[in-house]
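One structure is given below, represented as structure tokens, and several questions about it will come after.
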Amino acid sequence: MSEPKKLFIKTYGCQMNVYDSERMAEALGGQGYVETQSPDDADMILLNTCHIREKAAEKVYSELGRFKGLKADKPDLKIGVAGCVAQAEGEEIMRRQPLVDLVVGPQSYHRLPEMEAKTRAGEKALDTDFPEEDKFEKLKSRPKATRGPTAFLTVQEGCDKFCAFCVVPYTRGAEVSRPADRILTEARDLVERGVREITLLGQNVNAYHGAGPNGDTSLAGLIWELNKIDGLERIRFTTSHPNDMTDDLIEAHGTCDKLMPYLHLPVQAGSDKILKRMNRSHTADSYLRLVERIRAARPDILMSGDFIVGFPEETEEDFQATLDLVEEVRYGYAYSFKYSTRPGTPAAERPQVPEDKATDRLHRLQALITRHQREVQDDMVGREVRVLFEKAGRLEGQMVGKSEYLHAVHVGGANVTSGDLRRVRITASGANSLAGELV
Ligand code: 5AD
Ligand code: SF4
């Protein structure tokens, strides 16, 4: 038998890319590839790229440049670029970096096996189409190997919202939902293989409207179906848009026992003038009222968010409104970014905020967010949570898992294994995680 070929995938960006990389590895598994952790012994290197903020393309080119030596030593080595930079740059990648053999956009991964074969025949392979067929259905099904207790499952892709700063509608295309039965089949398969927590993924996951047995299914409808799967213990979803937070989804947070009390609901800014210019189609006040309703349904829910500072024409007063909103919500987690110009998006042409001002605002916002994050975490001390254990900790005999609220929890000297779901009393709060003991 010949040695299996080795595949090295490097993943950048969001969780959807993590999921896509897994599926691409499975698809290439059918071509005789096994994954390797190092580019040095690989027969194929695949960079799964992200284009959400600036310099992404430049980073990809410099990373590619580093493979020159490897390719010189091993002319059979194939190098591919996938993900959103592949979608945005297309053929340009091969022009600028001739060592690239393959460029594949996020909607064409099911064509990867044919594309790989083409590169083996000495040709270049490029596909950045938005084909009609369901790429996930065409991708080889997941092999039946056992796996860890948590998994991502993409249910929806693309976005029709066109926020003025964002490239996603251009790189991932229009909003598409996968049919509910396919998602349920995939979820059952994951559970059979040891998965106990599934995070449903979509750029606009709560806009999900996949075909179901009785017409379109909402995200809440899908969650209720997943809730029936024996052996599945936890359901999460990300990322949501405030305007798609429907009543049934809010209600599910109060009534669906497997749906975890954690919600990532980006608002981006706190000034109505800026929100309008961002084309967000909600106001700070409508967002705050929405958070109130969600908290009424599930009082202990941990809120998480995304923020952009230094969006074109943001004044100090606008920025202050963002700080006010953060004060009011008290996020358990929040991610904040300096606005980054994306060519081709509407905001790219507008007057920019000077770099030093944006940096200063980012630091101030992050200080506030970190303070809240820490307070929310410290409030957990003395409380009882349920921890889904995932892996061994750094210390001897220690295991780490996640609470309902997605806090990492370390437990020492306990007789638990990966996949166990146990009650834990929180005893201490550290810089980025909690410690506790089994109840
Ligand atoms: N500049 C900075 N941050 C951005 N995001 C999206 N586009 C940009 C941009 N051009 C942020 C948003 C989004 C998160 C995934 O990335 O906050 O919610
Ligand atoms: Fe981008 Fe806005 Fe769509 Fe989110 S909702 S993917 S920020 S355009």
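The values are calculated or read from the model by the stated rules, or taken from the named source; none is laboratory data. A quick note: this is a predicted structure, and the numbers were derived from the prediction, not measured. Positions of Cβ are backbone-derived with ideal geometry, glycine not excepted, and every protein chain shown enters the neighbour counts.
Does Asp127 count as touching a helix residue (DSSP H, G or I) at 6+ places or on another chain (Cβ under 6 Å), at negative phi and free of Cβ contacts under 8 Å to residues at least 40 places away in the same chain?
Working: touching a helix residue (DSSP H, G or I) at 6+ places or on another chain (Cβ under 6 Å): yes; at negative phi: yes; free of Cβ contacts under 8 Å to residues at least 40 places away in the same chain: yes.
Yes; evaluated as a whole, the condition is true for this residue.
Right, another one. Checking Gly393 against (1) in contact with a strand residue (DSSP E or B) (Cβ under 9 Å, 6 or more places away or on another chain); (2) at pLDDT 95 or above; (3) more than 13 Å from ligand 1 (Cβ to nearest atom); (4) closer than 27 Å to Lys258 by Cα, only one condition comes out false. Which one?
(2)
Going by the structure shown, is Leu388 under 19 Å from Ile426 (Cβ atoms), among the aliphatic types (A, V, I, L, M) and in contact with a helix residue (DSSP H, G or I) (Cβ under 9 Å, 6 or more places away or on another chain)?
No, not satisfied.
I'd like to know if the range 75-88 contains one or more residues that are under 18 Å from Glu22 (Cα atoms), in a loop (DSSP other than H, G, I, E, B) and at pLDDT 90 or above.
no
Return the residue satisfying two criteria in turn: it lies in the range 5-40 and is of a type in the set (Phe, Trp, Tyr) and within 22 Å of Ala57 (Cα to Cα), and of such residues it is nearest to ligand 1 (Cβ to nearest atom).
Of all residues in the range 5-40, those of a type in the set (Phe, Trp, Tyr) come to 8, 12, 19, 33.
Adding the requirement that they be within 22 Å of Ala57 (Cα to Cα) leaves 8, 12, 19.
Working: Phe8: 26, Tyr12: 13, Tyr19: 15 Å.
So the residue we want is Tyr12.
Just wondering, is there one or more residues in the range 198-219 that are within 16 Å of ligand 2 (Cβ to nearest atom), under 20 Å from the mean Cα position of the chain (by Cα), surrounded by fewer than 20 Cβ atoms within 10 Å (Cβ to Cβ) and farther than 30 Å from Lys273 by Cβ?
The answer is yes, given that some residue of the range 198-219 is within 16 Å of ligand 2 (Cβ to nearest atom), under 20 Å from the mean Cα position of the chain (by Cα), surrounded by fewer than 20 Cβ atoms within 10 Å (Cβ to Cβ) and farther than 30 Å from Lys273 by Cβ.
Another question about this same structure. Testing Glu316 on (1) under 25 Å from the mean Cα position of the chain (by Cα); (2) surrounded by fewer than 20 Cβ atoms within 10 Å (Cβ to Cβ); (3) away from ligand 2 (no atom under 16 Å from the Cβ), one condition comes back false. Which one is that?
Going through (1) under 25 Å from the mean Cα position of the chain (by Cα); (2) surrounded by fewer than 20 Cβ atoms within 10 Å (Cβ to Cβ); (3) away from ligand 2 (no atom under 16 Å from the Cβ) one by one, Glu316 breaks only (1).
In this structure, does Ser340 turn out to be touching a Lys or Arg at 6+ places or on another chain (Cβ under 9 Å), within 15 Å of ligand 2 (Cβ to nearest atom) and of a type in the set (Ser, Thr, Tyr)?
When the stated conditions are applied, Ser340 passes them.
Residues that are touching a Pro at 6+ places or on another chain (Cβ under 6 Å): find the helices (runs of 4 or more DSSP H) completely inside the range 243-307 holding 2 or more of those. Walk me through how you get there before you give the answer.
Values: elements: 247-255, 272-277, 284-297.
Filter on the range 243-307 gives 284-297.
Report every pair of residues separated by at least 6 positions or lying on different chains whose Cβ atoms are under 7 Å apart, first residue within the range 151-167 and more than 8 Å from ligand 2 (Cβ to nearest atom), second part of a loop (DSSP other than H, G, I, E, B) and hydroxyl-bearing (Ser, Thr, Tyr).
Listed by first residue and then by second, the contacts come to Val155/Tyr208; Gln156/Tyr208; Ala164/Thr345.
OK, next. If you take the residues in the range 147-171 that are of a type in the set (A, V, I, L, M, F, W, C) and away from ligand 1 (no atom under 14 Å from the Cβ), which one is surrounded by the most Cβ atoms within 10 Å (Cβ to Cβ)?
Going through the qualifying residues, I end up with Val155.
Looking at (1) small (Gly, Ala, Ser); (2) closer than 30 Å to Lys55 by Cβ; (3) under 24 Å from the mean Cα position of the chain (by Cα); (4) away from ligand 2 (no atom under 16 Å from the Cβ), can you tell me which one Gly419 breaks?
(2)
From Val34, Val85, Val18, which residue is over 27 Å from Thr238 (Cβ atoms) and not polar (S, T, N, Q)?
Working: Val85 fails: over 27 Å from Thr238 (Cβ atoms); Val18 fails: over 27 Å from Thr238 (Cβ atoms).
Val34 is the lone residue from the list that is over 27 Å from Thr238 (Cβ atoms) and not polar (S, T, N, Q).
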